[in-house]
Amino acid sequence: SSPDLKAFERRLTEYIACLQPATGRWRMILIVVSVCTATGAWNWLIDPETQKVSFFTSLWNHPFFTISCITLIGLFFAGIHKRVVAPSIIAARCRTVLAEYNMSCDDTGKLILKPRPHVQ
């Protein structure tokens, strides 16, 4: 029924909108740590001492790169790659379920009603 569809759409858009601030924060964290890792990697690679000493000594000589790299790896193990795309994952899963009812939704959760197929 129409009131049920409107209630579902309202709840879905509310839930996706609620995820947006946290998703934005996770994206910023990922960007900052990635830039730090890339900057540290560049400094690590252009350092002439890196080629002359052992791998672990070179990492010890570049703590900024080492810490940022460990942080980036830790964030991926913690699931940051899922958190930065959480709203689109929710929308995609809803589209899969809604397809059975000849409906879909956009990335904000607004329902899209498709025309009924004509049976002859």
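Taking 0.36 nm per residue of sequence separation and removing the Cα-Cα distance, the residue 89/residue 28 pair yields an extension gain of 20.1 nm.
In percent, how large is the relative contact order of the chain, given Cα pairs closer than 8 Å and 6 or more residues apart? Contact order relative to length: 30 percent. Largest mean-square fluctuation among 13, 57, 37, in a Gaussian network model of the chain whose springs join Cα atoms under 10 Å apart, belongs to 57.
Just to confirm a number: summing +1 for Lys and Arg and -1 for Asp and Glu over residues other than residue 75 whose beta-carbon lies under 13 angstrom from that of residue 75, what do you get?
On the way: positive: 25, 27, 82, 83; negative: none.
Around residue 75, the charge tally is +4.
With a cut-off of 15 Å between beta carbons, the residues surrounding residue 33 carry a summed charge of +3, where Lys and Arg count +1 and Asp and Glu -1. Taking amide H as placed 1.01 Å from N in the peptide plane, residue 105 has its amide H under 5 Å from the amide H of 112, each at least 5 places away in sequence or on another chain. Within the same chain, lysines fewer than 8 places from residue 6 are excluded, and of the rest, those with a Cα less than 20 Å from its Cα are 110, 114.
Coordinate-derived values only; no laboratory data. Bear in mind that the values here come from a model prediction, so they are computed numbers and not experimental data. Every residue, glycine among them, receives a Cβ derived from its backbone with ideal geometry; neighbour counts consider all protein chains shown.
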